[in-house]
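First the structure, in the form of structure tokens, and then the observations on it.
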Amino acid sequence: MKEPIRAEALRLGFTECRFTTATLPAAARARLDRFLAEGMHGSMGWMAERAAQRGHPQSLWPEAVSVIALGLSYAPAGDPLATLAQPDRATISAYAQGKDYHDLVKSRLKALARWMVARWPDSALKVFVDTAPVMEKPLAAQAGLGWQGKHTNLVSRRHGSWLFLGEVMTTLALEPDPPERDHCGSCRACLAACPTDAFPAPYRLDARRCLSYLTIEHKDPIPEEFRAAMGNRIYGCDDCLAVCPWNKFARAHAEPAFAPREALTGRRLAEFAALDDAGFRALFSGSPIKRIGRNRFVRNVLIAIGNSGLPALRATAQSLAEDSDPVVAEAARWAAQRLVASAPPPPSHASGAGPLAAAPPTPRPAGEGWGGGAPAAILPA
Ligand code: B12
Ligand code: SF4
Ligand code: SF4
């Protein structure tokens, strides 16, 4: 039964397809409980609300017997951290540069489900990607798609850090595949690369410190302590993923839907900051970025402008200082003030810097980027 399903999944365009039971070990549930009890989910209240289902697939769907774990590669062709060294540009996470993966993965999951129902009409099934209360990484690890690395995401020996995950749960009894063992060894590259020190320990992430959470999920002003570390990351963050040495085996994806949109990669921060609601919706139609809305997006762009060290962008920041959204307006004032502080010193015959010149932003040597560590040269275990 498994081989025809796997063959169909690959034919539909999935990169990996493996099988496991619709159960999770008590350890995975206990770790989820600890993560929630320590408040590491921040404002993602939806994680706690359905924690019982998240930690136990059969509480979500009691009839589920097996899980078909699917992976779809989005391995980028170039270095996803390259734009970190270009302060007038934006760095957008690799996963968000093309079309929304939720739509593509879901349509393929549904196609696989339709194919299975036609073949086994007495079975029932449900499909999931990302948003359902399902712990996708431990399920994928259990199915042997890879292992949960120290950065907590699933790492594959063949596709590195770059797999999107999705599942078909079914009432069919399918022989489980063996799990993959942990191949992190003594490597700590991802932990060292994190610009905000978001890992309290290997395999544990404090989402409240993670730039992916702060730029995408967090609605309020970005806490001051993380603003400088954001650099020009305006949507998501790839630093811990990108430095993983296992990426060297990943072949760039050939998925047209994930091709970076030129409209995004070529834009300057100033152009993004000028977007109004209608312009934002038009530009990000079909993109995962659309979900955060214009205000949160422009808030992020303004933090990047404040970090740019480019006095020429000060007028852009100032033009939003009275924005009708208070979070945007606050970020604009912060950025404008920071750029005053970073203006070049006056010529030596002038009387000296004004009071705002007292605290320049952290200087960034050309080409260094914001906190992205160099990929580790040696391969872990
Ligand atoms: C909430 C969430 C987030 C949150 C929290 C992330 C997190 N690590 O929990 C935020 C907003 C920060 C986030 C960020 C990102 N996310 Co996200 N996110 C999710 C979501 C919805 C739930 C994850 C979850 O359950 N977290 C709760 C924690 C407790 O679970 P966990 O991470 O599995 O924790 C395990 C470890 O801590 C481990 N553990 C603890 N101690 C120890 C000790 C040992 C020895 C071991 C082995 C394990 C271990 O046990 C826990 C349980 O298994 C999933 C989709 C889903 N429904 O699963 C996507 C998902 C995890 N995200 C995804 C992606 C792509 C990202 C980003 C890369 C996006 C980006 N570029 O900005 C970043 C990566 C940041 C990172 N380093 O994790 C993908 C990951 C794909 C993959 N290959 O793993 C998923 C699976 C979505 C998808 N369908 O593809 N995400
Ligand atoms: S995504 Fe970025 S901020 Fe979040 S844990 Fe990884 S490196 Fe740190
Ligand atoms: S960077 Fe190193 S420690 Fe982190 S997930 Fe990859 S192999 Fe594991």
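The values are calculated or read from the model by the stated rules, or taken from the named source; none is laboratory data. What you are looking at is a predicted structure, and each value in this text was computed from that prediction instead of being measured. Cβ sites come from the backbone with ideal geometry, for glycine too, and all protein chains shown count toward neighbours.
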Given 41, 102, which one is over 28 Å from residue 14 (Cα atoms) and in contact (Cβ under 8 Å) with a residue 12 or more places away in the chain?
41
Restricting to the range 114-151, and then to whatever is crowded, with 18+ Cβ neighbours inside 10 Å and of a type in the set (Val, Ile, Thr), can you tell me which residue is farthest from residue 63 (Cα to Cα)?
129
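Can you name every residue in the range 1-46 that is in a helix (DSSP H, G or I) and either among the charged types (D, E, K, R) or within 16 Å of ligand 2 (Cβ to nearest atom) (or both)?
Of everything in the range 1-46, those that are in a helix (DSSP H, G or I) and either among the charged types (D, E, K, R) or within 16 Å of ligand 2 (Cβ to nearest atom) (or both) turn out to be 2, 3, 6, 8, 11, 29, 31, 33, 34, 35.
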Are any residues in the range 157-179 over 24 Å from residue 64 (Cβ atoms) and either modelled with pLDDT under 95 or of a type outside the set (Lys, Arg) (or both), and if so, which ones?
159, 160, 161, 162
Of the conditions (1) within 14 Å of ligand 2 (Cβ to nearest atom); (2) touching a Leu at 6+ places or on another chain (Cβ under 6 Å); (3) not aromatic (Phe, Trp, Tyr), residue 257 satisfies every one except a single condition; which number is it?
(1)
If you take the residues in the range 47-56 that are outside any helix (DSSP H, G or I) and within 11 Å of ligand 1 (Cβ to nearest atom), which one is nearest to residue 165 (Cα to Cα)?
55
I'd like the full set of residues that are of a type in the set (Lys, Arg) and in contact with a helix residue (DSSP H, G or I) (Cβ under 6 Å, 6 or more places away or on another chain), limited to the range 65-114.
89, 99
Across the range 7-40, what is the number of residues that are of a type in the set (Lys, Arg), surrounded by fewer than 17 Cβ atoms within 10 Å (Cβ to Cβ) and closer than 27 Å to residue 119 by Cβ?
1
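Here is a yes/no grid of residues against (1) of a type outside the set (A, V, I, L, M, F, W, C); (2) more than 7 Å from ligand 1 (Cβ to nearest atom):
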| residue | (1), (2) |
| --- | --- |
| 135 | no, no |
| 138 | yes, no |
| 145 | no, yes |
| 151 | yes, no |
| 154 | no, no |
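For the range 209-247, give me each residue that is assigned to a loop (DSSP other than H, G, I, E, B) and away from ligand 3 (no atom under 16 Å from the Cβ). Spell out the reasoning first.
Here is the first cut: in the range 209-247, the ones assigned to a loop (DSSP other than H, G, I, E, B) are 210, 218-223, 231-232, 236-238, 243-244.
Once the filter is applied, which keeps residues that are assigned to a loop (DSSP other than H, G, I, E, B) and away from ligand 3 (no atom under 16 Å from the Cβ), the range 209-247 yields 218, 219, 220, 221, 222, 223, 231, 232, 236.
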For the range 257-266, state whether one or more residues are touching a Gly at 6+ places or on another chain (Cβ under 8 Å), at pLDDT 95 or above, closer than 23 Å to residue 162 by Cα and part of a helix (DSSP H, G or I).
no
Do you know which residues across the range 182-207 are within 11 Å of ligand 2 (Cβ to nearest atom), part of a loop (DSSP other than H, G, I, E, B), surrounded by 15 or more Cβ atoms within 10 Å (Cβ to Cβ) and not hydrophobic (A, V, I, L, M, F, W, C)?
195, 196, 206
Give the residues of the range 234-258 that are farther than 23 Å from residue 190 by Cβ and surrounded by 14 or more Cβ atoms within 10 Å (Cβ to Cβ), sorted by residue number.
255, 257
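Could you tell me which residue of the range 235-252 is nearest to the chain's Cα centre (by Cα), considering only residues that are within 13 Å of ligand 2 (Cβ to nearest atom) and among the hydrophobic types (A, V, I, L, M, F, W, C)?
237
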From 30, 9, 77, which residue is without any contact (Cβ under 8 Å) to a residue 40 or more places away in the chain and either farther than 30 Å from residue 255 by Cα or more than 16 Å from ligand 3 (Cβ to nearest atom) (or both)?
30
